[in-house]
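Quick notes on the structure that follows.
The values are calculated or read from the model by the stated rules, or taken from the named source; none is laboratory data. For clarity, every value in this text was computed on a predicted model and none was experimentally measured. Every residue, glycine among them, receives a Cβ derived from its backbone with ideal geometry; neighbour counts consider all protein chains shown. Just the protein is used for accessible areas: all its heavy atoms, side chains included, with ligands, DNA and RNA removed. Shrake-Rupley method; radii C 1.70, N 1.55, O 1.52, S 1.80 Å.
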Amino acid sequence: MRIVVDLNRCLGYAQCAFLAPTVFKLHGEEALMYDPNPDDAMRLRVLRAAAACPVQAIKVEGPDGKGEGATS
Amino acid sequence: MNASTKAKIADLVESFKTTGRIVIVGASLAGLRAAEALRKEGFRGHLTVIGDEPHEPYDRPPLSKQVLKGWVAADHTKLPRLETVDAEWRLGVAAVGLDRPNRLVRLASGEQVPFDRLLIATGTRARQWPNPKEAALDGVFTIRTSDDAARIQRALAARPERVLVIGAGFIGSEAASVCRELGLAVTVAERGPAPLVGALGGVIGAIAADMQRDHGVDLRTGVGVTSLDGDAKGRVRRAHFSDGNMVEADVVLVSLGSIRNTEWLEGSGLAAGFWGVGCDAGCRAFDINGVVTDSIFVVGDIARFPHVLYEYQFLTLEHWDNAVLGAEVAAHNMVSLEADRWPHLPLPAFWSGQFGVNIKSVGVCPFGKEIVFTQGSIKKRRFAAAYGHRGRIVAAVTFNHGKWLQYYAAQIERSAPFPPPPPGYDRPRKTKPIAAAFPDSRVPTSLPDVVLTGHDPTERGAEFRSSIG
């Protein structure tokens, strides 16, 4: 699956790093590193992470090739 | 306008949306997001996206970080599709010419692609090491494409004795950070007085220099690399510096900034050159006489447009959100009539992750003459600082203090007084503005004291778009 995080928007709340720790990691206190093309098995976790992001910085491509979940 | 004229114009717009031909040259972030936005805007005609790389649109910021580190594979940064894009993708073939009278894009394959409206999004490429023989040595790399990142990642995974990074801008500094995380010895050679000095000035540069040295980087500033030596097998072995020193290195990362891909527009009559392609704030390209075109639009790293916040100076912004926000505006304006057009007035913003610190910025820092630390602690590398020009705040930077950036963004949008009142309790001891210490003065010397047309700082006359919240 494909995701992208708008790192201008990201403020390092790290909700995603708790919900999908193999996909999102904090580097230091605030810098987010993530896997832009994680395994499809991670979809539910990634969607939860996207929904939980306080600044809605995570964009996810759905199976239909459109934005999915909490994306806008 | 009478009703029948209105109806005719509406018919023309509808007919263009149904049967028109739009060509986007450039298949990276800006090209993809523009293609999506065109379909979202209701464009149902023929859409062609041309890209010189064979890959689907991918995201570049992860390349110098998680990809070099080896956590994410170089071909795993493909950008998500956020809208269904029905388009003809011509990937792996470069555009080599633009024939404006006949509205054709010429491809390297010899084919010609006709268009009614064209979007130029060809972006930048990495500046190569100037000596071609030395650049061709095994172990010498530039960092721009996913193929570059794949090669460098393999070279780093082979545990070189020492990596030399030439140029301490953001990309070079991020690469040096990854090398240290991997436990590799790394030398950084920077011609200027400090890392990041062009983007953030000498005051912040000095902090970045300390940060690099604290993490074990052998940082050499004020020196240029004069030549690279190879061995009999054509592998790079050492580099000579302008101060007479040399360093043994088996991997050399050349990060000397970027060059704008405008060569293919030579002879087209567009205002294209070293600084990019001139355009208005609605993304419409200028011709060489400064006359705005109706059918050619520009977006992303290559677009050079006037910005009301910065005294209408033409800016090119090699920033991620400039590509995303500009793509939406360009796409909208390509299928809209004059009265419905949007301006592309981003509040510039960028980020960089290095040495465990998240560096973020809003505004245009080099526009500032002075800097003031407003929050936090330099020692802890957790702080905010604002840049000022003629008593107004024009930019801000944070180190691990990004949650406060929106406060400064709001001040910048209003051209609020500098130094700004600190928003938080964590005020540093020194709160006096000092010279920001940018290396060159690119600000014109004779600014009129009375601005007859333009942005009145006391009045919010323009709507800025911010992607940071």
**Complete:** In the stretch B:54-84, residues that are out of contact with any Asp or Glu (no Cβ under 8 Å at 6 or more places or on another chain) and assigned to a loop (DSSP other than H, G, I, E, B) total 8
**Message:** Quick check on the stretch B:364-377: of everything there that is modelled with pLDDT of 95 or more and over 13 Å from B:Gly424 (Cβ atoms), which residue is most open to solvent (accessible area, probe 1.4 Å)?
**Reply:** B:Glu370
**Prompt:** What number of residues in the stretch B:162-180 are in contact with a Lys or Arg (Cβ under 6 Å, 6 or more places away or on another chain) and among the charged types (D, E, K, R)?
**Reply:** 1
**Matching residues in the stretch B:205-227 - criterion: being without any contact (Cβ under 8 Å) to a residue 60 or more places away in the chain, polar (S, T, N, Q) and buried (at least 18 other Cβ atoms within 10 Å of the Cβ)** = B:Thr221
**Request:** Kindly indicate whether B:Leu32 is touching a strand residue (DSSP E or B) at 6+ places or on another chain (Cβ under 8 Å) and part of a strand (DSSP E or B).
**Result:** no
**Message:** Would you confirm whether or not the stretch B:332-340 contains a residue that is within 27 Å of B:Val105 (Cβ to Cβ) and under 16 Å from the mean Cα position of the chain (by Cα)?
**Reply:** no
**Request:** Please verify whether the stretch A:56-71 includes one or more residues that are closer than 19 Å to B:Trp351 by Cα, more than 7 Å from chain B (Cβ to nearest Cβ) and open to solvent by less than 40 Å² (accessible area, probe 1.4 Å).
**Result:** yes
**Request:** Return the residue satisfying two criteria in turn: it lies in the stretch B:122-157 and is among the small types (Gly, Ala, Ser) and open to solvent by 60 Å² or more (accessible area, probe 1.4 Å), and of such residues it is nearest to B:Glu53 (Cα to Cα).
**Result:** B:Ala136
**Prompt:** In the stretch A:11-37, which residues are in a loop (DSSP other than H, G, I, E, B), open to solvent by less than 20 Å² (accessible area, probe 1.4 Å) and more than 7 Å from chain B (Cβ to nearest Cβ)?
**Reply:** A:Ala14, A:Ala20, A:Val23
**Item:** Those residues of the stretch A:46-55 which are within 11 Å of chain B (Cβ to nearest Cβ) and surrounded by fewer than 17 Cβ atoms within 10 Å (Cβ to Cβ), in sequence order
**Value:** A:Pro54
**Complete:** Being within 22 Å of B:Thr316 (Cβ to Cβ) and outside any helix (DSSP H, G or I) narrows B:Arg144, B:Arg106 down to just B:Arg144
**Complete:** Conditions (1) surrounded by fewer than 23 Cβ atoms within 10 Å (Cβ to Cβ); (2) under 30 Å from the mean Cα position of the chain (by Cα) -> B:Lys8 fails only (2)
**Request:** Give, as residue ranges, the strands (runs of 3 or more DSSP E) completely inside the stretch B:264-352 that count at least 3 residues that are in contact with a strand residue (DSSP E or B) (Cβ under 9 Å, 6 or more places away or on another chain) and open to solvent by 10 Å² or more (accessible area, probe 1.4 Å).
**Result:** B:292-298, B:313-315
**Request:** Within the stretch B:72-97, track down each residue that is within 7 Å of chain A (Cβ to nearest Cβ) and hydrophobic (A, V, I, L, M, F, W, C).
**Result:** B:Val72, B:Leu79, B:Leu82
**Message:** Of everything in the stretch B:188-204, what is touching a residue at least 60 places away in the same chain (Cβ under 8 Å) and outside any loop (DSSP other than H, G, I, E, B)? Give them in sequence order.
**Reply:** B:Val197, B:Gly198, B:Ala199, B:Leu200, B:Gly201, B:Gly202, B:Val203, B:Ile204
**Message:** Which of the numbered conditions does B:Thr18 fail, given that it passes all the others? Conditions: (1) among the polar types (S, T, N, Q); (2) under 27 Å from B:Thr77 (Cα atoms); (3) out of contact with any helix residue (DSSP H, G or I) (no Cβ under 9 Å at 6 or more places or on another chain).
**Reply:** (2)
**Enumeration of residues in the stretch B:48-62 that are facing chain A (nearest Cβ under 9 Å), surrounded by 23 or more Cβ atoms within 10 Å (Cβ to Cβ) and either small (Gly, Ala, Ser) or in contact (Cβ under 8 Å) with a residue 60 or more places away in the chain (or both)** = B:Tyr58
**Prompt:** If you go through the stretch B:63-101 one residue at a time, how many are closer than 18 Å to B:Ala272 by Cβ and either open to solvent by 50 Å² or more (accessible area, probe 1.4 Å) or free of Cβ contacts under 8 Å to residues at least 40 places away in the same chain (or both)?
**Reply:** 3
